[in-house]
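Following: one structure in structure tokens, then a few remarks.
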Amino acid sequence: MIAIRNESELDLIRKSGEILKECFLEIEKALRPGVKTEELDRITEEHIHSRGAIPAFKGYQGYPANICASINEQVVHGIPGPRELEEGDIVGIDIGVLREEYFADASRTYEVGEVDEAARRLVETTKEALELAIDRVRPGNHLSDISNVIQTHAEGAGYQVVRTLVGHGIGRRMHEEPQIPNFGPPGAGPILKPGMVFAIEPMINAGTLDVLTLKDNWTFVTVDGELSAHFEDTVAVTDGDPLILTR
Ligand code: MF3
Ligand code: CO
């Protein structure tokens with residue numbers, strides 16, 4: 001069952017999403033070569049608490065931090081720590097906010113200082129894939145239309161999409177039905193209806209699609225060590241245009 005949210009529920013998710021968006025603005029102020037990812041974690045925690053909300057990731061299945069910070073070949077779920085970001089790195093920052101029982105979830109991949117052309121093109125393509133996917137969040141479309149456009153865009157640029165991690169419904173829990181793969185045929189799966197809310201999150205690899213987890217049991221990395229990028233927004237189906245709740 002995919003939940004259908006009413007206007008006031010969407011409003012609550014949007015309020016969580018606004019706090020989340022502010023976190024990205026705070027992170028952007030601090031992001032520079034030399035900054036430790038644990039510093040970005042602290043900034044986010046402080047901001048979320050200052051707004052009377054709760055960092056949704058902390059303690060989620062034992063996750064030890066407020067954000068995920070995934071550098072270069074790290075795909076998602078990198079644990080913040082004393083590592084300093086370096087010029088030329090790309091870093092995926094993933095944040096979840098819980099406020100008044102409703103969750104929002106979003107991620108941005110940032111370039112640290114000047115990055116090389118290969119990194120820039122991967123980040124750009126991943127961002128574009130999310131934009132195209134969001135544009136499919138319309139009543140009457142099929143769920144897999146979202147998946148298909150991400151795969152088509154990524155593979156058209158010569159990249160591969162991660163298969164073992166997916167987007168998801170979101171609302172009163174961080175992960176709800178349905179799962180939203182970043183690949184698949186068009187025209188399959190449930191038909192989208194107003195009030196459905198999705199966290200859409202393309203994870204795109206420059207090399208092979210295969211990933212593995214590090215010994216910390218959280219951090220996913222590409223098997224071949226090539227770069228990976230991740231963008232995510234929480235988006236509602238309306239009667240008309242997609243409603244992005246995390247911007
Ligand atoms: N945005 C991630 C997701 O959708 C959440 C990170 S998992 C956590 O799965 F454990 F860090 F919370
Ligand atoms: Co998510």
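Values quoted throughout were computed directly from the atomic coordinates according to the rules given, and no laboratory measurement underlies them. The structure displayed is predicted, hence computed values, not measured ones. Cβ sites come from the backbone with ideal geometry, for glycine too, and all protein chains shown count toward neighbours.
Using the Cα gyration tensor of the chain, with a ≥ b ≥ c the square roots of its eigenvalues, what is the shape: rounded (a/c below 1.5), prolate (a/b larger than b/c) or oblate (neither)?
Since a/c reaches 1.5 but b/c is at least a/b, the shape of the chain is classed as oblate.
So if I restrict to the alpha-carbon atoms in segment 93-157, what is the Rg, and what is Dmax, the biggest pairwise distance, in Å?
My reading of the Cα-based Rg and Dmax gives 14.7, 42 Å.
Loop only by DSSP, 15 or fewer other Cβ within 10 Å of the Cβ. Give me the trypsin sites (Lys or Arg not before Pro) in segment 85-166 that pass, ordered by residue number.
Those satisfying the criteria are ARG163.
Specify the inter-centroid distance of segment 1-20 and segment 197-220, based on alpha-carbon positions, in whole Å.
About 26 Å separates the Cα centre of segment 1-20 from the one of segment 197-220.
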